[in-house]
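Asker: Quick one: the structure is below, and I'll ask about it shortly.
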Amino acid sequence: MRRSPALPVFALACLALALTLPAQQVRTPARPAIAAHLPTDEIQVTADYHGTRLLIYGTVPRDCDVIVKLSSPRVTTTYSQKGRVGIFWFSIGKVTFENVPWMFKVKSTRPIDKILYVEDQIKYRVGMRGLVESIKVPPETPPILVDELIQTRIEDQLYSFHEGDVKRVKGNMFETSFFWPPKAHPGTYHIDSIAVRNGKVVSIDSEQVKVEKIGVEAWVSGLAVRHGFVYGLVAVIVAMFAGLMVGLIFRGMGPGRKKGAQAVH
């Protein structure tokens, strides 16, 4: 029986297909569009802590803009509403806001409205618009109260918005930095580096930074939380001792002043 010449050709085709399938299935994982790095992932707060600056750097495709967001866990915050009575300003009420970050800072390569669509600003909680839209406000609350809350945090260096402060260096590299103020609470903070292309987020790299008190600061803070009565008692004793010392100092200066006055006459 004579074999058909089509059979060997068909067999070779099947063998070639079988050899190519594993190669197609085993693929190298795609590299993220953005990769950020921090020199440290821990900030220690001591008695003489006056703030520190944290550097963030990394790589991103040249056709992408970069937004870097620093945020703390979100909590419920009570804000005192001020009102004018005559010529004086008093607290006339309190408003409770939910989903408020204690610290929130954003930097970008260009103005956020020019590089990211509004819906993505809200979705990823980026910039002033993303912050305001994410805070839960009681019904019928005047919008100016949210503005006052944010302005207070800005004055305390807890909130900031700087467009153009993310610098491109050496082609596909970027860098920026955040100031960590003395009023920053201990806890875990998140730093999101966001790559943006054609108005949309294409990649996010998230890092964490832990802030903790050490030394005397940690002891005092722990005492206040775990042993409130003892902390209050120690505070009263310290205040009384300080008052006594001030009194002794001024009492000691009294006779000297009188003698000096008599010598002049």
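The values are calculated or read from the model by the stated rules, or taken from the named source; none is laboratory data. Just so it is clear, the model here is predicted, and its values are computed rather than measured. Here the Cβ positions follow ideal geometry from the backbone for every residue, glycine too, while neighbour counts run over all protein chains shown.
Asker: Can you name the condition, by its number, that Phe229 falls short on among (1) modelled with pLDDT of 95 or more; (2) of a type in the set (Phe, Trp, Tyr); (3) not assigned by TED's automatic domain parsing to the domain that holds Thr96?
Answerer: Result: Phe229 passes all but (1).
Asker: Can you give me the number of residues within segment 128-151 that are touching a residue at least 60 places away in the same chain (Cβ under 8 Å) and within 26 Å of Lys167 (Cα to Cα)?
Answerer: Of the residues in that region, 0 qualify.
Residue-by-condition table, conditions (1) part of a helix (DSSP H, G or I); (2) among the basic types (Lys, Arg):
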{"position": "Gly93", "(1), (2)": "no, no"}
{"position": "Phe97", "(1), (2)": "no, no"}
{"position": "Val106", "(1), (2)": "no, no"}
{"position": "Arg110", "(1), (2)": "no, yes"}
{"position": "Lys114", "(1), (2)": "yes, yes"}
{"position": "Gln121", "(1), (2)": "yes, no"}
{"position": "Arg125", "(1), (2)": "no, yes"}
{"position": "Gly130", "(1), (2)": "yes, no"}
{"position": "Glu133", "(1), (2)": "yes, no"}
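Asker: Would you list the strands (runs of 3 or more DSSP E) that sit entirely within segment 143-217 and hold 2 or more residues that are surrounded by 13 or more Cβ atoms within 10 Å (Cβ to Cβ), more than 16 Å from the chain's Cα centre (by Cα) and among the polar types (S, T, N, Q)?
Answerer: Details: elements: 159-163, 167-169, 173-180, 187-197, 200-213.
In segment 143-217, no matching strands (runs of 3 or more DSSP E) lie anywhere.
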